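J.: The structure's right below; bear with me while I get my questions together.
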Amino acid sequence: MSTISATVNEVDGKVALVTGAASGIGKATALLLHARGAKVVAEDIDPAVESLVRPDLVPVVADITKDGSAEAAVALAVDRFGRLDILVNNAGRIIYKPLLETSREEWEAILATNATGAFLHSREAMKAMMPHKSGAIVNIASYAAYFAFPGIGAYTASKGALAQLTRTQALEAIPHGIRVNAIGVGDVVTNILNDVVEDGPGYLAEHGKGAPIGRAARPEEIAEIVAFLASDRASFIVGAVVMADGGMTVTAG
Ligand code: NAD
């Protein structure tokens with residue numbers, strides 16, 4: 001049988017859990033996977049996620065950092081749709097503060113969301129995927145896992161941790177047929193920037209202009225990469241942080 005096919009049903013019939021699905025990249029991802037035939041559990045701390053409800057798309061309002069939320073979200077997917085094939089660890093937060101002014105509570109809150117919440121969800125997802133000997137986990141990291149940016153030290157540390165979680169879990173998961181990868185996302189126009197809007201409307205206009213591509217991404221452009229990495233089409237990609245940053249990490253300036 002030929003392995004070449006003209007038709008792409010990359011996630012049709014698969015069951016996905018997407019965290020941080022109320023807005024931005026997570027929302028675009030949940031809707032794209034659903035539009036391509038996946039059954040989706042969309043998790044977010046923001047009740048706005050409930051507006052996504054539709055057949056085969058189940059929203060759940062939960063804080064991914066809280067004990068039991070990963071177990072509950074994975075159980076919801078399995079109870080409602082029979083299994084879990086895809087986890088997208090997308091929920092994330094940022095604070096704009098120099099490390100000297102960052103409190104322990106602020107540091108821990110960013111690490112809890114961007115790294116610990118992803119770890120807990122990945123651990124639970126792996127347990128649900130292992131009996132089927134297949135599955136894909138996609139972590140939404142950042143080019144901030146590689147670049148240092150003064151003023152967002154807690155965020156860069158959390159994304160560095162997420163990149164390393166990706167690589168280590170990939171090695172532990174691949175013997176079970178589960179692929180773990182991440183996306184090194186560059187600038188994307190989303191609500192995460194709301195915190196810096198007070199720095200002036202010019203910030204949003206300039207967001208992404210420093211990248212060789214000359215603009216920020218739309219959330220849907222990142223969702224397309226998630227769908228690919230989550231699909232069997234990416235069957236040989238294991239432990240990678242795929243850069244989607246408009247060329248930021250390859251330019252010398
Ligand atoms: P966003 O603010 O639109 O979406 C983030 C979502 O995560 C929100 O809906 C928020 O409510 C949810 N969330 C935050 N904390 C949560 C928690 N404890 N429990 C459950 N949900 C929680 O921003 P976005 O840009 O779409 O962010 C998605 C991911 O992309 C984040 O991990 C972010 O770090 C990453 N990223 C974004 C950019 C960018 O320029 N926008 C760049 C690189 C990486």
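J.: Taking the conditions exactly as written (surrounded by fewer than 22 Cβ atoms within 10 Å (Cβ to Cβ) and aromatic (F, W, Y)), does Y155 satisfy them or not?
T.: No; evaluated as a whole, the condition is false for this residue.
J.: Moving on. Which residues, counting only those in region 36-62, are over 20 Å from A223 (Cα atoms), in contact with a helix residue (DSSP H, G or I) (Cβ under 6 Å, 6 or more places away or on another chain) and not β-branched (V, I, T)?
T.: Passing the criteria: only A62.
J.: I've got another one for you. If you go through region 9-45, how many residues are under 15 Å from the mean Cα position of the chain (by Cα), assigned to a strand (DSSP E or B) and more than 13 Å from the ligand (Cβ to nearest atom)?
T.: Qualifying residue count, region 9-45: 2.
So that you can scan it fast, the table gives a plain yes or no per residue for (1) at pLDDT below 95; (2) surrounded by fewer than 17 Cβ atoms within 10 Å (Cβ to Cβ); (3) farther than 26 Å from A75 by Cα:
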position	(1), (2), (3)
K127	no, yes, no
A170	no, no, no
P175	no, yes, no
K209	yes, yes, yes
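J.: Of everything in region 76-108 that's free of Cβ contacts under 8 Å to residues at least 40 places away in the same chain and closer than 23 Å to S142 by Cβ, which residue is farthest from the ligand (Cβ to nearest atom)?
T.: Once the filter is applied, the top-ranked residue is L100.
J.: Does A73 meet the test of being among the small types (G, A, S), part of a helix (DSSP H, G or I), within 16 Å of the ligand (Cβ to nearest atom) and in contact with a helix residue (DSSP H, G or I) (Cβ under 9 Å, 6 or more places away or on another chain)?
T.: yes
The values are calculated or read from the model by the stated rules, or taken from the named source; none is laboratory data. Just so you know, these numbers come straight off a predicted model, no measurement behind them. Cβ: placed from backbone, ideal geometry, glycine included. Neighbour counts: every protein chain shown.
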